[in-house]
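Single-structure report; data block below.
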Amino acid sequence: MALSRFAQPINNTGVHPLVEEYVRAETRRQFFRNGGNALGMAALASLGVPNLMAGEAAPSDTAEPAVFTPNKLGLPHFPPKAKRVIYLHMVGGPSQMDLFDYKPQMNEWYDKDLPDTVRNGQRLTGMTSGQARFPIAPSMYKFKQYGQSGMWISELLPWTSKIADDLCFIRSMHTEAINHEPAITYMQTGNMVTGRPCMGAWLSYGLGSMNNNLPTFVVLVAQPTNTEQIQAISARLWSSGQLPGEHAGVSFRSAGDAILYINNPPGVSSDVRRRTLDGLKALNEMNFRAVGDPETHTRIQQYELAFRMQSSVPDLTNIADEPNSTFELYGDEAKKPGTFANSVLMARRMVERDVRFVQVYLNNWDHHGNVAKRLPSQCKDIDQATYGLITDLKARGLLDSTLIIWGGEFGRTIYSQGGLSKENYGRDHHPRCFTMWMAGGGSKPGTIYGETDDFSYNIVKDPVHIRDFHATTLHLLGIDHQRFTYKAQGLDQRLTGVEHAKVIRDLIA
């Protein structure tokens with residue numbers, strides 16, 4: 001009886017007929033794409049630069065001793081100020097004029113229409129484009145100046161105000177995106193079109209791991225106390241895009257197993273799991289040698305990391321060893337899995353164990369209405385916990401080497417969406433100006449950068465585009481954004497894209 005295609009014997013070359021068929025089917029374009037880099041490296045080696053084949057810089061008799069060691073990609077390009085990142089993304093767009101961008105002049109403008117000369121033809125979202133008028137809604141919250149920097153901070157953030165001089169405020173962030181989907185994608189990946197690598201994936205690819213038993217890039221999605229208006233968050237935001245799949249973020253869950261399928265199935269011992277993985281690795285290595293698909297190596301590494309995480313993750317997620325002083329610092333909410341306070345405590349435990357990039361998302365900052373109840377709830381979720389995180393890292397000697405980023409994807413309008421009263425109002429999306437802050441990791445503490453007009457509507461001094469922010473973040477990690485590329489689809493892809501981006505030196509200590 002004839003053998004089926006899948007049961008055909010291995011031929012005398014040691015290659016299965018199906019593999020031979022796959023290789024023959026490879027197109028000329030695939031061949032040159034996969035082999036182009038190898039041919040170029042071989043040519044360089046033939047010109048007398050053999051170390052390039054090993055991914056090392058050529059020695060120089062005149063060069064001074066290096067104070068850091070570049071990896072095989074030649075990164076970092078220069079000594080980094082930060083080694084790790086904790087990125088706190090406030091999904092929905094926090095209201096800058098209710099938190100950080102104090103505009104007392106607006107009290108005199110209550111319920112007056114936003115002047116056309118201020119709006120200057122800006123496009124509107126579908127939520128307010130049909131409004132007959134755009135009445136000014138002054139912030140209902142009180143502000144005070146704090147620290148030597150004199151930063152104005154809302155009464156909603158009493159704990160944050162205590163660390164004002166540890167923070168580096170940017171009040172002149174701006175973007176072109178006016179809706180959530182493109183805006184959050186833009187902030188995370190440098191492009192409004194989905195499918196690009198996010199910042200965490202770029203840093204995983206470029207700088208690699210600092211530990212053997214945990215992922216390089218971890219994602220935590222915190223649950224807000226108030227859930228009136230939740231935006232969609234999915235793995236597209238922590239995708240590796242065109243980069244190898246191993247650089248995508250690993251999402252930790254707050255209930256059940258921290259990572260799905262990490263534990264052995266019932267009845268399977270660690271010895272059996274180890275032998276199974278060894279067998280899979282051997283098969284995958286055979287497939288890689290025959291086909292050369294880099295995703296095969298990604299699969300091998302994921303299996304191996306999962307096995308190592310069986311012992312490291314339970315230790316990481318067990319906060320029972322934390323002293324009472326930790327929960328006095330972060331607040332009692334830190335004891336509850338899934339809260340923002342618990343998430344940032346977990347972020348601290350991760351960077352202690354040298355996780356390179358921790359992304360924390362907190363939803364429900366989309367204040368289209370009911371600012372009076374929703375904004376205080378959101379601020380209570382983050383205020384003491386954020387203070388605790390920075391204070392804790394500082395006490396442990398980790399703040400200088402860990403960059404903290406806080407912010408959303410855009411800001412909010414000074415005019416009210418829907419009904420307006422002295423006691424309540426709503427605010428629509430506003431891309432022209434919003435506030436973010438950084439702390440630690442070489443950022444300049446006590447800095448207030450950028451200014452907006454009296455309406456917190458337009459930037460009047462020192463604008464900072466998303467591309468500039470990404471370029472500055474990479475710089476703090478020792479990376480020249482213009483030289484940090486990945487070849488995909490015939491282009492040298494970059495986090496900062498192809499348009500002009502600059503490092504904001506005034507934000508760097």
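A few comments on the model shown:
- Sequence-distant residues sharing a close amide H with V250 (under 5 Å, placed H): F217, V218, V219
- When the listed pairs K142/K502; K373/K502; K162/K336; K103/K373; K394/K487; K336/K502 are checked against a 30 Å cut-off, the alpha-carbon distance exceeds it for K142/K502; K373/K502; K394/K487; K336/K502.
- Additional length obtainable on full extension of the chain from S129 to L277, 0.36 nm per residue less Cα span: 47.5 nm
- Size of electric dipole in the range 356-474: Cβ of Lys, Arg +1 and of Asp, Glu -1, about Cα centre, debye, nearest 20: 200 debye
- Based on the Kirkwood approach, the hydrodynamic radius assigned to the range 141-194 is 13.3 Å, with every pair of different Cα atoms included.
- Residue order, fewest to most surrounding Cβ atoms within 10 angstrom, among L491, L167: L491, L167
- Each part gets one Cα centre, and for the range 437-509 versus the range 66-88 those centres are 17 Å apart.
- For the range 339-442, trypsin sites (Lys or Arg not before Pro) meeting the loop criterion (DSSP other than H, G, I, E, B) and having at most 15 other Cβ atoms within 10 Å: R353, R396, K422.
- Relative contact order, percent, the chain [alpha-carbon distance under 8 Å, six or more residues apart]: 26 percent
- With K and R counted +1 and D and E -1, the other residues having a Cβ less than 15 Å from that of T326 yield a net charge of -1.
- In the chain, the longest principal axis of the Cα atoms and the axis of helix 180-189 are about 60 degrees apart.
- The range 366-493 shape via C-alpha gyration tensor axes, a/c threshold 1.5: oblate
- Length released on extending from R505 to E328, taking residue separation times 0.36 nm less the Cα-Cα span: 60.1 nm
- 3J(HN,Hα) from dihedral phi, the range 371-386, Karplus parametrisation 6.51/-1.76/1.60, rounded to Hz, x for glycine, proline: 4, 4, 9, 6, 5, x, 5, 4, 5, 5, 4, 9, 4, 5, 5, 5
- Label-to-label distance for M286 and K461 is 7.0 nm, based on points extended 7 Å past Cα in the beta-carbon direction.
- Qualifying GluC sites (Glu not before Pro) for the range 416-509 [loop in DSSP, other Cβ within 10 Å: at most 10]: E423, E499
- On a per residue basis, the convex hull of the C-alpha atoms belonging to the chain measures out at 205 Å³.
- The chain: calculated mean residue ellipticity at 222 nm from DSSP helix runs of at least 4, using -39500 (n - 2.57): -10000 deg cm²/dmol
- With at most 16 other Cβ atoms within 10 Å, longest stretch of the chain clear of loop chymotrypsin sites (Phe, Trp or Tyr not before Pro) (DSSP): 262-509
- FRET efficiency, 1/(1 + (r/R0)^6) with R0 25 Å, evaluated for T194 and L491 via beta carbons: 0.90
- Qualifying trypsin sites (Lys or Arg not before Pro) in the range 453-509, DSSP loop, other Cβ atoms within 10 Å at most 14: R483, K502
Laboratory data are not the source of any read-out in this text; all were calculated from the coordinates shown. Being a predicted model, the structure only gives us computed values, none of them experimental. Positions of Cβ are generated from backbone atoms using ideal geometry, with glycine treated the same way; all protein chains shown enter the neighbour counts.
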